[in-house]
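The structure under discussion appears below in the form of structure tokens.
Please treat every number below as a calculation from the coordinates, not as lab data. All values reported here derive from a predicted model rather than from experimental measurement. A quick note on method: Cβ atoms are made from the backbone with ideal geometry, for glycine too, and the neighbour counts reach across all protein chains shown.
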Amino acid sequence: MVKRTEPAAQPPTLRAFIAIELNEAVQIALREVQDRLKKAVPPGVVRWVNPKGIHLTLKFLGDIPASQVQEITEALTRAGASVTPFTFVVEGRGCFPDFRRPNVIWVAVTEKSGALARLQKAVEAEVSPLGYPPEGRAFRPHLTLGRTNRDAGGEKLRQVGAAVENTVVEVLGTVEVRSLSLMRSDLRPTGAVYTRLAEVPLGGV
């Protein structure tokens, strides 16, 4: 059954993405990693993501017409039905594009059966005809902990990268994936606020 939690009133367009939501235990573990890193990086250089809003993004859609939410939800229902429930492990850390020039600080996701990759490809295939073509780069599953400020100097960025590289992140937990969600993102001065627009089950749920 598709679960919808749409707000009463919506603007003509919504900033949206498709994601897998995390359990509370993993969110708490991610906060602990953030707390460790905050003590190791220069102050004011990284904008940290609220752990309650951390998720595994499968597809960023950008601005979508509010009138298209139903059609996208139906596409996700088809994508979800093609993959049965699976689990992934949260372990390891890194930076995009690399430790020397960190723009994004993340924790890694490991899923060895291939189910996560199949689900992401199914999502891409279903939403592409709706005007959201596949990205040119390969899917690299990760959980974003924070982003560096654009005006940060090179030396501070190197310090951030070194701190992340020197931080050991062992297994933080396991996530059982039984559904995927269409999420709305509202950008505010205090950070992004996420709202679930719809949740669809995987096959067999």
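Highest mean first, how do 162-168, 149-155, 123-129 rank when packing is the count of other Cβ atoms within 10 Å averaged over residues?
Values: 162-168: 14.7, 149-155: 10.4, 123-129: 17.7.
For the peptides 162-168, 149-155, 123-129, the packing ranking is 123-129, 162-168, 149-155.
Once the stretch 83-184 is represented by equal point scatterers at the alpha-carbon sites, with solvent omitted, what log10 I(q)/I(0) does the Debye formula produce at q = 0.19, 0.20 Å⁻¹?
Log-scaled intensity ratios, in q order: -1.04, -1.08.
Based on the Cα coordinates of the stretch 1-120, what is the per residue volume of their convex hull in Å³? Kindly include the intermediate steps, with their values, before the conclusion.
Values: hull volume 18.4 nm³, N = 120.
Here the figure is 153 Å³ per residue.
Would you mind computing, in nm to one decimal, how far apart the modelled labels at Arg100 and Val171 are, each placed 7 Å from Cα along Cα→Cβ?
Output for this residue pair reads 3.5 nm.
Can you compute the label reach from Asp35? Point 7 Å from Cα along the Cβ direction, backbone N cut-off under 19 Å, restricted to the stretch 141-161.
145-146
Between Asp63 and Arg137, how high is the FRET efficiency from 1/(1 + (r/R0)^6) when r is the Cβ-Cβ distance and R₀ = 30 Å? Nearest 0.05.
Values: r = 21 Å, r/R0 = 0.68.
The pair Asp63/Arg137 has a calculated efficiency of 0.90.
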